[in-house]
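For reference, the structure is listed below as structure tokens.
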Amino acid sequence: MSNSSPSAACPCGGGAYAGCCGPYIAGTALPPTAETLMRSRYTAFTLRDEPYLRATWHASTRPGDALFAEEETVQWLGLEVKSALRLRQRKAEYANQAEESNHDTVEFVARYKVRGRAHRLHEVSRFVREADKERDGALRWLYLDGSFPE
């Protein structure tokens, strides 16, 4: 999207790219919430921005293989955030968690087409917030993993 106008729509549906996911993907700002990170990662998938996706993926679960198949063309159609629920609201599941505010979940549905066939990805993603050594210890959200309810 670097050649697009500043008012071009962000693929995540959150407004203009320059004021939405653009600063996060460019590395000039950190997403302030897990939902914001999830939206920026969706946008990075639409842009095939593998460096951003890897940088926002927790090291313990980050895949070593390439994220995109060269020959595969995906047409992203839209994103719907179902819920963004802090894990502290589900204390029964994480009773021994010391820093509950540093964990979050986001449920979303992403719609896309591959070779003209429509698909949907329904995921409940888990995120963790950790200190970023490259940014003087600033807390940043990272994608940990996800489950697929359907």
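Key figures for this structure:
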| read-out | value |
| --- | --- |
| Relative exposure of 103, 119, judged by other C-beta atoms within 10 Å (fewest first) | 119, 103 |
| Filtered trypsin sites (Lys or Arg not before Pro), the stretch 109-150: DSSP coil and at most 16 other beta carbons within 10 Å | 115 |
| Radius 14 Å from Cβ of residue 117, net charge of other residues (Lys, Arg +1; Asp, Glu -1) | +3 |
| The stretch 17-147, relative contact order in percent, only Cα pairs under 8 angstrom and at least six apart counted | 24 |
| Size of the stretch 17-147 as Cα extents on the principal axes (Å, biggest first) | 46, 33, 31 |
| For the stretch 108-122 and the stretch 11-78, distance of Cα centres in Å | 16 |
| For 43, 73, 33, 56, order by how many other beta-carbon atoms lie within 10 Å, fewest first | 73, 33, 56, 43 |
| Dipole-positive endmost among 127, 58, 20 within the stretch 17-147 (Cβ charges, Cα centre) | 20 |
| Positive minus negative residues near residue 39 (Lys, Arg vs Asp, Glu; Cβ under 14 Å) | -4 |
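Where a number appears in this text, it was derived from the coordinates with a stated rule and is not lab data. Worth saying up front: this structure is predicted, and the values here are computed from it rather than measured. FYI the Cβ positions are ideal-geometry reconstructions off the backbone, even for glycines, and counts take in every protein chain you see.
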